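Notes to accompany the following structure.
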Amino acid sequence: MTTPISAAQAMLDKHANKIEVVHARTAQAINRINNHRGLSEQARQGRIARVYRDAQAELEQLRESGKKALDAHGQGLIDRALGSRSSDPQTVMAMRQANQMAAGINDPGIAMEILRGAQQDGDTQYAKAIAARAFSNGWTDVVNRWNHDGSNDASMRLINEYQELPHIDPAIWNAHHFLAPPKELEHMKTYEISRAAETDYSDGGEAA
C-alpha cells in the first residue's frame, strides 16, 4: 500500500520527470534546427529563440502547477485529519461554531485546559476544533492530548504524514524550473531573444 509520504515523493519524482522531458525536447528541437542547413542565421536564431521561449513558458507553468499540487496534497491531509466532511447542516453549523470558539484561544495552557473539559463532556467537535487550533499554532502537547486515549489515531497518522512531507525550498524549486539560454542565444539580451522569437520566418528564411 502506498503511504501519503511516498505518494508525495512520487508526485515530486513525476514532476522532475516532466522537467527532464522539457529539457530533452528542447535540446532535440534545437539540434534539429541546427541541422537544417538551408536556414539563414537569422531564421535559425529565430526558431531557436521560439523553442527556448516556449520551453521557458512550459517550465513556468510546471513551477506553478507543481507547487499548487503539493500544497493541495498537504492541505488534503490536514483537512482529512482535522476538518469536517459531514453533509448534515446541523453538524456543519456546530463545527463552525466550535471553530469560532477555538479561534479565540491564544494560549497553549488555556487550550489544554479547555480541551480536557471538552473531552470530559464528550464534546468531540469542540475538542477537534481546539486540536485544529493547536496544530496551526504548533502546540504539540495539546494535539497529543487530543489523542490521549487513541480515539483519534487515524487523524494523528495523517498529521504525522503531513509533518513528514518533503520540504520544498523556494530557491531550489525555482532553480529546478530555470532554463538557461542555449549557446546559440547566450550573447543575446532578453529583449533580443523575444524579438527573434516573434519574427515571422514562415518563408523558411532560406540562406542564399
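The values are calculated or read from the model by the stated rules, or taken from the named source; none is laboratory data. Since the structure is predicted, the reported quantities are computational estimates derived from the model, not experimental observations. SASA here: full protein model, heavy atoms, side chains in, ligands and nucleic acids out. Shrake-Rupley method; radii C 1.70, N 1.55, O 1.52, S 1.80 Å.
What's the angle, to the nearest 10 degrees (0 to 90), between helix 41-82's Cα axis and the longest principal axis of the chain? Helix 41-82 and the main axis of the chain meet at about 10 degrees. Accessible surface of the chain, 1.4 Å probe: 50 percent of it comes from carbon and sulfur atoms. Helix 4-34 and the longest principal axis of the Cα set of the chain meet at an angle near 10°. Counting only residues at least eight positions apart within a chain, or on another chain, the lysines with an alpha carbon under 29 Å from that of K183 are K14, K18. For the chain, the longest principal axis of the alpha carbon atoms and the long axis of helix 108-120 meet at an angle near 60°. Remark: the Cα gyration tensor places region 81-124 in the prolate category, a/c being 1.5 or greater and a/b exceeding b/c.
For the chain, the solvent-accessible area of protein heavy atoms averages 62 Å² per residue (probe radius 1.4 Å; ligands and nucleic acids excluded). Listed values for region 94-103 are Karplus-derived 3J(HN,Hα) couplings in whole Hz (6.51 cos²θ - 1.76 cosθ + 1.60, θ = phi - 60°), namely 5, 5, 5, 5, 5, 5, 5, 5, 5, 4, and x replaces Gly and Pro. Fully extending the segment from S151 to K183, taken as 0.36 nm per residue of separation minus the present Cα-Cα distance, adds 5.4 nm.
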